[in-house]
Protein chains: 2
Amino acid sequence: MSNYSITPLEGGLANVNGFYCDAVNVGMRPDASQGDVAFIRSETLCNVNAVFTTNRFQAAPIKHFQRYEEGFQTNFVLVNAKNANAMTGEKGIEDIYTIMSALSSKIEVVNPVMSSTGVIGYRLPVEKITSAFGKFDFYAKNSDAAARAIMTTDSFKKELACRVTLEDGTHFHLAAICKGAGMINPAMATMLCFVITDADVPKADMDALIKSAADRSFNRISVDGDTSTNDTVMLLANGNTGNYNKEAFSEALNEMLFKLAMMILRDGEGANKLVAFEVTGAASNEEAERAARALSNSLLVKTALFGEDPNWGRIASTIGASGITCDDTTLTIHYDDLLIYSDTHRELDKEREKQAYAIMKQEAFAVRCDLGIGEGSFTAYGCDLSYEYVKINAEYRT
Amino acid sequence: MSNYSITPLEGGLANVNGFYCDAVNVGMRPDASQGDVAFIRSETLCNVNAVFTTNRFQAAPIKHFQRYEEGFQTNFVLVNAKNANAMTGEKGIEDIYTIMSALSSKIEVVNPVMSSTGVIGYRLPVEKITSAFGKFDFYAKNSDAAARAIMTTDSFKKELACRVTLEDGTHFHLAAICKGAGMINPAMATMLCFVITDADVPKADMDALIKSAADRSFNRISVDGDTSTNDTVMLLANGNTGNYNKEAFSEALNEMLFKLAMMILRDGEGANKLVAFEVTGAASNEEAERAARALSNSLLVKTALFGEDPNWGRIASTIGASGITCDDTTLTIHYDDLLIYSDTHRELDKEREKQAYAIMKQEAFAVRCDLGIGEGSFTAYGCDLSYEYVKINAEYRT
């Protein structure tokens, strides 16, 4: 096992050598102090890999990305908010070609890619977006502006960076900006995440690294069980430092995406609590996963969390409804370390109920269900459901 | 094809010959003017069949029912609210035997069955429940009291009756009481439904009749995607009239359960709108069903309905996320008869948007999605999600 250290850094994308970023407001977002179009640019070509939504109606920018040859490299990512360019058909892809053609007259771009988030079903305002190219500072390192420009219902920007120092004293950086607050579900979410690194990541490692990190983070969180047309986690590696260690890079990437996923969950539309649903003792990992995801998606569980009601009946009922092998005589439920249910403790006495209330009042806690049957385990992460969620989503478009 | 007529009747269970019912308050429900224990009794033995929840943690009364021999007959159903007798283990079943033993000292019962709804995880208050037996009028036909006694978060009682008149002038009756408002999902719901009939339904027909009627009604509605431990649809046939015609009975039963299912949906916790999600042109009926159920369960669709926002993007995105075969160039979406989306009408112009608002302001309307791929179709029924749902479910137990 190699020796290395991971040090968090302030300043987001600006930490990574050879990358530039900026954002401007072109009038899609009413508040002109916040950008609505952003870019991330590398001075050299990057290896690039992405994990996209499993939604069958993938947005135009995802289809556009996939039309490049397998293993292509790029030096430019353009991102816009307020319009998802989804369900726009072939014209939505043509619009991207038009935009990229305008871009290439301003700066040298190779295989530029695009990413969009916002309302579904409307063509991109091509002229507005291309107007950004006269306003961008293509040599800026304005991570804050880029992180804020990609926000939709997010209540805070999501930006992280770290330095990884290897045993031999060499180092490299990773940084990411990310957006997402609602419509979050396993199998991705309306979330965009762009990770850049100056590590010299071999093309051969890229795909497995990004997939594995997404599986352990964004694919384990649920705000509302919906899966959007635009979800994207993208990794860009320009090799600027010439340094790399797979194990260290993988740990840094996993840690970064997990932290971003928890930030999304904390920003879940109207959410106040972050809950880990740990299922153990299942007949298989798949069954554990099914139960854990069912818990993190259940409206009745989520509203009970919001009400801070230690109603373990809804937990048990949701496990039972998930269709997995289970048995009420071997099942145990804990909130953090407090026993809430077992075969011999089926009714919650006043003392334990009081302790359960105290646990549920925390901003984060664990609901731990041991099925007592096999060795399968899985943890999913969810949040409560408040009035605010309904308000945000009833009023989102209008 | 036989000739028959189905006539709706006032008065619920009281219309059916040879059945009695009553309800009393034994102190489980604070409001003493509403019962919390009810019974349905037949003066002769009934064929009985039931469809139960698919939740793996079936409540004690369901397990108790299933311990009788296949094809058993009964003359007594006892129902209580406020306590589900679920996750109570073997002791929960013992409690039922204790209760039924006390009952048998008051009135002659054969294979009595029980049904419960309410909070999960607490033993039944046996003494309170058996105190009802001294208060019941076992010869009453008090359908209103019984229908109201089984309510939980229901805002109105659900009770229907009809007379079926056959070609030869003979007739029989069906009547039902039903409860359910939230936690409603395909694969049943926290709902109880008791159908009684004086038709002479052969034992051999019972199971298929009740299953088919439940599949076309309760199994197509969704309030919140949860499936309870106690769901029960029970059919009791005492043959009192000696009359029967399978086709006529089946139609009357289907019609009755469908009406009750729509009543539950209209009473969906905090719901204001009833929406039919009609999916056609799918590769198979199974795929149509998957998409229709995904639509009726989607939080984003439900909140958009509440907001009366004709945001077809959420409809399309939910279909895409359901994992079925679909293509945005063959898909069309209508709200009632108004075209909302097609390959050539991707953007909603102001005029159609105005018409769409008008449709969404109705108490009931249809979202019709034609995938344009095959012949598969399915219709699921759902409702909107309001602040009120969150409030009811955050505060339900406490």
With springs only between Cα atoms under 10 Å apart, run a GNM on chain A and tell me which of A:V126, A:V79, A:V195 wobbles the most. A:V126
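If you average the sequence gap of Cα pairs under 8 Å that are 6 or more apart and divide by the length of segment B:241-320, what percent do you get for the contact order?
19
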Quick one: Cα convex hull volume of segment A:274-394, Å³ per residue? 92
Can you pull out the GluC sites (Glu not before Pro) in segment B:267-372 that DSSP calls coil and that have at most 13 other Cβ atoms within 10 Å? B:E347, B:E363
If pairing requires two Cys Cβ atoms under 4.7 Å apart, which cysteines of chain A are left without a partner? A:C21, A:C46, A:C162, A:C326, A:C369, A:C383
If I stretch the segment between B:E351 and B:L339 completely, what's the gain in nm (0.36 nm per residue apart, minus their alpha carbon distance), one decimal? 3.2 nm
For segment A:8-19, in order, what is each residue's ³J(HN,Hα) by Karplus, 6.51 cos²θ - 1.76 cosθ + 1.60 with θ = phi - 60°, in whole Hz (x at glycine and Pro)? x, 10, 7, x, x, 4, 4, 6, 8, 5, x, 10
Please list, in order along segment B:80-93, the HN-Hα scalar couplings obtained from phi with the Karplus expression 6.51 cos²θ - 1.76 cosθ + 1.60 (θ = phi - 60°), rounded to whole Hz, x for Gly and Pro. 10, 9, 6, 8, 7, 6, 10, 6, 9, x, 4, 4, x, 6
Percent antiparallel among DSSP beta bridges confined to the protein assembly as shown, rounded to 5, stands at 70
Neighbouring Cβ atoms within 10 Å as the yardstick, rank A:T152, B:T232 fewest first. A:T152, B:T232
Counting every Cα pair in segment B:1-154, what percent are over 22 Å apart? 41
per DSSP, antiparallel bridges as share of beta bridges in segment B:274-394, % nearest 5, sits at 70
Entries in B:K203/B:K259; B:K157/B:K259; B:K157/B:K179; B:K141/B:K259; A:K302/B:K302; B:K128/B:K157 that, when Cα-Cα distance is taken, lie over 18 Å: B:K203/B:K259; B:K141/B:K259; B:K128/B:K157
If the elastic network links every pair of Cα atoms under 10 Å, which of A:N285, A:N272, A:N240 fluctuates the most in the Gaussian network model of chain A? A:N285
Once you keep just the Cα pairs under 8 angstrom separated by 6 or more residues, what percentage relative contact order results for segment A:4-266? 26
State the extension gain, in nm to one decimal, for the chain segment bounded by B:A283 and B:E69, taking 0.36 nm per residue of separation less the distance between their alpha-carbons. 72.8 nm
Chain B, Gaussian network, Cα under 10 Å: of B:L45, B:L339, B:L13, the residue fluctuating most is B:L339
Which value, in Å³ per residue, describes the convex hull spanned by the Cα atoms of segment B:190-311? 129
Two-decimal log10 I(q)/I(0) for segment A:107-175, as the Debye equation yields it once each C-alpha is a single scatterer, q = 0.13, 0.21, 0.27 Å⁻¹: -0.62, -1.20, -1.34
In 10 Å bins starting at zero, report the fraction of Cα pairs in the protein assembly as shown per bin as a rounded %. 3, 13, 21, 22, 18, 11, 7, 4, 1, 0
Semi-axes of the equivalent ellipsoid for segment B:69-198, please: Cα gyration tensor eigenvalues, times 5, square-rooted, ordered largest first, whole Å. 26, 20, 15
Considering just Cα atoms, how many Å³ per residue does the convex hull of segment B:254-296 enclose? 84
When averaged across all projection directions, what area in nm² does the alpha-carbon convex hull of segment B:4-266 cover? 12.2
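Taken together, the values in this text are just the output of simple stated rules run on the coordinates, not laboratory data. Nothing here was measured: the structure is a model prediction, and the numbers come from that model. When we count neighbours, we look across all protein chains shown, and the Cβ atoms used for this are built from the backbone with ideal geometry, even at glycine.
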